[in-house]
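All remarks here apply to the structure that follows.
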Amino acid sequence: MAETGPDQSDPSSSLLSARLRPYVFEWVTWGGCALAVLFLRWRGLHIDWNTVRYTVPPLVPAVAWALAVGIVLQGLYQGLVRRDIRGYLKRLRRLDWWILTARIFVACMVFTYTYFWLKVSVPLVNHHLWDAQLWRVDRVMHFGLSPSIFASHLVAGTPIAKGLETWYGWWLPSAMYGTGFFVAFPNNRQRSAFVLSTVMIWYAGAWLYTALPALGPCYAFSDVWDHLRTQFPRASAAQAMLLENYQRMLAGRSGPLRQFNPTRGIAAMPSLHVGIHALLTLWTWRLARPLLILGILATIFTFFGSLATGWHYAVDGYVGVMLAVGCFLLAILPASKRPKTEDVD
């Protein structure tokens, strides 16, 4: 007689087993973290439990708040656009929805920790800078014209400069609350696929930073922006703050690291500012199409703002969009989904 599987003898056991099984995004999150820690330790960095204690606790309230705001935003969307607030509230009463939320919360802690330490450690593990090559690539791709110089001079002395700088300063809350919005979606399989794409793009960006270190035009070609810094006072202040931290990391090449901040790494290639907004736009197209125009405009403004303020080369933004498309497509493949037993609408 053939052996009877748990799904035949005990359906409830099969359902519980399916819900406890690791999601693909969890495998990628924890595997990526382990790989990064091993790599950094191999390169001589003292990555231990103290790095977790220093980085993770401040993230807990920030991520929790982003998820809470995401639930509110999702409720408004379901009520005002989908006209199904009762169905959404019914979904929020399900235990499996909250269990997945908790697992996503943990994954956010892990991949954010990993991203911060990989990015800030770039000056210590790869001493080469690719700014000159990226500057040339930009000019070749745009027929001899530098998009960075063009954008900065185009908006200089106009109200657009302040608007772009303000929008760029809103990138972090827009990315966090946009992520929270999709994490709070009713369907668990869609939520897990979204988180998988998010983990992949953050990890891919961090490893590209490590492989192709670049500071960005505002640092590598500072003379171009010296007369424009008064046009972008907030961006200039942020750039100075990151540069100070970068110089402390450089000092660690020949001595001990002192008073550096792991959340203040500098990296240009790729632009995850553009990439994350592009990824959110793709998920908006898939799951919340009435809001699509908002995602498209956000991505365009972020790309143009990254050029005008000197944070990025144009090619950084193009690669960021390519990463978003690739991670999105990988995440929606059928192989990335949990068994159907995990999600009943």
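FYI, it's all coordinate maths here, none of it is from the lab. Everything numeric here is computed off the predicted structure, so don't read it as measured data. Neighbour counts run over all protein chains shown; Cβ positions are idealised from the backbone, glycine included.
Tabulated data
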read-out: Estimated 222 nm signal from helices in the chain, with DSSP H stretches of n ≥ 4 weighted -39500 (n - 2.57), rounded to 500; value: -23000 deg cm²/dmol
read-out: Proxy reagent accessibility, fewest Cβ within 10 Å first, across 23, 54, 313; value: 54, 23, 313
read-out: Rounded tilt (10° steps) of 314-331 against the dominant C-alpha axis of the chain; value: 10 degrees
read-out: Sites excluded, trypsin sites (Lys or Arg not before Pro) in DSSP loops with at most 15 other C-beta within 10 Å, longest stretch of the chain; value: 95-252
read-out: Where labels lie 7 Å past Cα in the beta-carbon direction, separation of residue 54 and residue 261 in nm; value: 1.4 nm
read-out: Relative contact order [Cα under 8 Å, 6+ residues apart], the chain, whole percent; value: 25 percent
read-out: Zero-based 10 Å bins, Cα pair distances in the range 230-277, whole percents; value: 23, 42, 29, 6
read-out: Charge dipole (the range 19-340, unit charges on Cβ, about Cα centre) - positive-most of 116, 285, 167; value: 285
read-out: Relative frequency of Cα-Cα separations exceeding 25 Å in the range 175-326, percent; value: 37 percent
read-out: Selection from 251, 64, 88, by position along the positive dipole direction of the chain (Cβ); value: 88
read-out: Length gained when the stretch residue 162-residue 241 is fully extended (0.36 nm per residue, less Cα-Cα span); value: 26.5 nm
read-out: Cα long-axis angle, helix 24-42 against the chain (0 to 90 degrees, to the nearest 10); value: 40 degrees
read-out: Paired Rg and Dmax values of the range 19-340, which use every Cα atom, in angstrom; value: 20.1, 61
read-out: Nearest-20 debye value, the range 54-100 charge dipole, Cβ charges on Lys, Arg, Asp, Glu; value: 300 debye
read-out: Degrees, to the nearest 10: 95-120 long Cα axis against longest axis of the chain; value: 20 degrees
